[in-house]
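Novice: I have a structure I would like to understand better, so I am pasting it below and will then ask my questions one at a time.
The values are calculated or read from the model by the stated rules, or taken from the named source; none is laboratory data. Worth saying up front: this structure is predicted, and the values here are computed from it rather than measured. In this analysis, Cβ positions are derived from the backbone assuming ideal geometry, glycine residues included, and neighbour counts consider all displayed protein chains. Ligands, DNA and RNA are excluded from the accessible area calculation, which covers all protein heavy atoms including side chains. Shrake-Rupley method; radii C 1.70, N 1.55, O 1.52, S 1.80 Å.
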Amino acid sequence: MAATRTQKEIRQRAPIWLVMLLITNFAVMAVDANRRFTQQQTFKGLVQAVFSPIQNATSWVSSAGGGFINEILNFRSTARENQSLKERLAQTELELRNTKEAKTENYRLQGLLALKAEPGPEKVFARVIARDASVWFNTIMINRGSSSGVALNMPVITPGGIVGRVVAVSPVTAQVMLITDEKAAAGAIVGQLGGSGALGSVRGLGNSGLVEMRYVSGLQKVDVGDYVLTTGQDGIYPAGLNVGEVIEVKNGTATQPHQIYIRPSARLDQLTEVAVLLYQPPQRPAPEQTLPNVDKTKAMPRDR
Amino acid sequence: MPQFKIAAVLALAIILQLTLGEAWPPLSHIDFPLIVVVYVALQRDAWTALIVGTIAGLAIDAPSGGLIGAGGFSKTLTAYLVYLGATRVNLENALIRIPVLAAATLVDGAVYFFWQRSLGHPPSAPFVQTISYNLIGTTVIGTFVLYMLGSVFNPTGTQSRQFASRRRGARRSASFSKRR
């Protein structure tokens, strides 16, 4: 009965409490609105001071957990941004690579220009259009042929040094055997022509990318780092072309020649442009017919 | 109803209201203090409901850019209206609480907007759009929160409601077997 009365009393008094609270709220509102016009928000400041502990706690919770929640909520946008950045990075890397390639090409072309300006045989510049796809040969294909004056056995060079010689010619292309091919060879000397007696012959070592110099007397002094030049005695390469640099020497003896390994100066694995020397080696004099060891039957076959 | 539980839940609701909005702004459309106010009012405790409404409103008003007291006014009035409805109509059913929560959201938003505008501080957010988002967020989340609050404050009552259907089913089967 008492509980019912209490509920009844509560029900009767509820509107009074409501009106009181509403009036209180309205008064607060009115004061706040009035203060806002006069820029004096002391009341709001007071209320905020009362609730500041809650706000501080809220701020702490927000700073502690908000970042984590934000990371989760922003996961998709982060993934998109990540993708976009990856694409931009790839684009930048591509541009950087292109720039480096352009720079390298610039150096290369400058070298070719310098090569063109050098005195000596006339040169035909060509672009490497193919490499030997098999592992059996070290040859390249260039885009200049007989129509440009290229002929068999003409030497092919770069600003760095010799590349090889022409082994096949078509009107518009030519095949070049690299100096590293096992069948390639050239007469060479370690050091300056006329200043050294370390004469010999260089031969390719196949896919190792090196060439070997043979027949250099074991009495000659050869060191690692010495440069090797062509002698012009092979009937293919003119004298004085750079072959490469000595990287290893197996010293010989008085009766045994040195074994010299040379890294070609021309960067044969990165060839893009080369120059073909329109070089005709000087004709060797025919053997004198009066000498006793000449096969005269070959010289005069029709006389019989 | 233990008063400290209400205070704790109200504090948690205020903290959630202030925190979630900072973490992700759309979450601020869920009015957690209003959900607590509606729950307390549904318990037919007028004095507690009115006090909770006033405190919740003022607590949210303080850090907000609006007028202090507008939220207190609207939530106090909303609490009384819900209390009035609960004393006249049986609102124990969870499904009926959904429209009550929706109506409370509308009333709260409308009164708040009215006072802000009347006293020369109209909110910058568009009324219809904001109150629509509030309606969706508060009603959807509030339905679950009300259920959870029922479990927290009155677990036995919740269990008895859950088993009421089983009891009814059992009575029906018993009377059916007696007839046979």
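Novice: Of everything in the stretch B:70-88, what is at the interface with chain A (Cβ under 9 Å from one of its Cβ atoms) and farther than 16 Å from A:Trp17 by Cβ? Give them in sequence order.
Specialist: Answer for the stretch B:70-88, where residues must be at the interface with chain A (Cβ under 9 Å from one of its Cβ atoms) and farther than 16 Å from A:Trp17 by Cβ: B:Ala70, B:Gly71, B:Ser74.
Novice: Any chance the stretch A:105-114 includes a residue that's modelled with pLDDT of 90 or more and either touching a strand residue (DSSP E or B) at 6+ places or on another chain (Cβ under 6 Å) or open to solvent by less than 60 Å² (accessible area, probe 1.4 Å) (or both)?
Specialist: no
Novice: Return yes or no: is A:Asp269 loosely packed, with under 15 Cβ neighbours inside 10 Å and either closer than 30 Å to A:Phe125 by Cβ or among the small types (Gly, Ala, Ser) (or both)?
Specialist: In short, yes.
Novice: Checking the structure you have, find out if any residue of the stretch B:53-69 is more than 10 Å from chain A (Cβ to nearest Cβ), part of a loop (DSSP other than H, G, I, E, B) and closer than 22 Å to B:Ile6 by Cα.
Specialist: no
Results for (1) at pLDDT 85 or above; (2) surrounded by fewer than 22 Cβ atoms within 10 Å (Cβ to Cβ); (3) under 14 Å from the mean Cα position of the chain (by Cα); (4) among the aliphatic types (A, V, I, L, M), shown as yes or no for each residue.
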site: B:Ala8; (1), (2), (3), (4): yes, yes, no, yes
site: B:Ala13; (1), (2), (3), (4): yes, no, yes, yes
site: B:Ala23; (1), (2), (3), (4): no, yes, no, yes
site: B:Leu34; (1), (2), (3), (4): yes, no, yes, yes
site: B:Ala41; (1), (2), (3), (4): yes, no, yes, yes
site: B:Thr48; (1), (2), (3), (4): yes, yes, yes, no
site: B:Pro63; (1), (2), (3), (4): no, yes, no, no
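Novice: Another question about this same structure. Please determine, by comparing only the residues of the stretch B:131-171 that are within 30 Å of B:Asp108 (Cα to Cα) and small (Gly, Ala, Ser), which one is modelled with the lowest pLDDT.
Specialist: B:Gly157
Novice: Across the stretch B:91-109, which residue is farthest from B:Gly69 (Cα to Cα) among those that are of a type in the set (D, E, K, R) and open to solvent by 20 Å² or more (accessible area, probe 1.4 Å)?
Specialist: That would be B:Glu92.
Novice: Another question, if that's okay. Restricting attention to the stretch B:89-109, does a residue exist that is of a type in the set (Val, Ile, Thr) and at the interface with another protein chain (Cβ under 10 Å from one of its Cβ atoms)?
Specialist: The answer is no; no qualifying residue exists.
Novice: Could I ask something else about it? Kindly indicate whether any position in the stretch B:26-47 is within 8 Å of chain A (Cβ to nearest Cβ) and without any contact (Cβ under 8 Å) to a residue 24 or more places away in the chain.
Specialist: yes
Novice: Next question, about the same structure. Within the stretch A:223-253, restricting attention to residues that are among the acidic types (Asp, Glu) and in a loop (DSSP other than H, G, I, E, B), which residue is surrounded by the most Cβ atoms within 10 Å (Cβ to Cβ)?
Specialist: For the stretch A:223-253, the residue satisfying everything is A:Asp234.
Novice: Before we move on, is B:Ser74 in a helix (DSSP H, G or I) and in contact with an Asp or Glu (Cβ under 7 Å, 6 or more places away or on another chain)?
Specialist: Criteria met by B:Ser74.
Novice: When only residues in the stretch A:73-101 that are open to solvent by 100 Å² or more (accessible area, probe 1.4 Å) and under 28 Å from B:Leu16 (Cα atoms) count, which is modelled with the lowest pLDDT?
Specialist: A:Arg76
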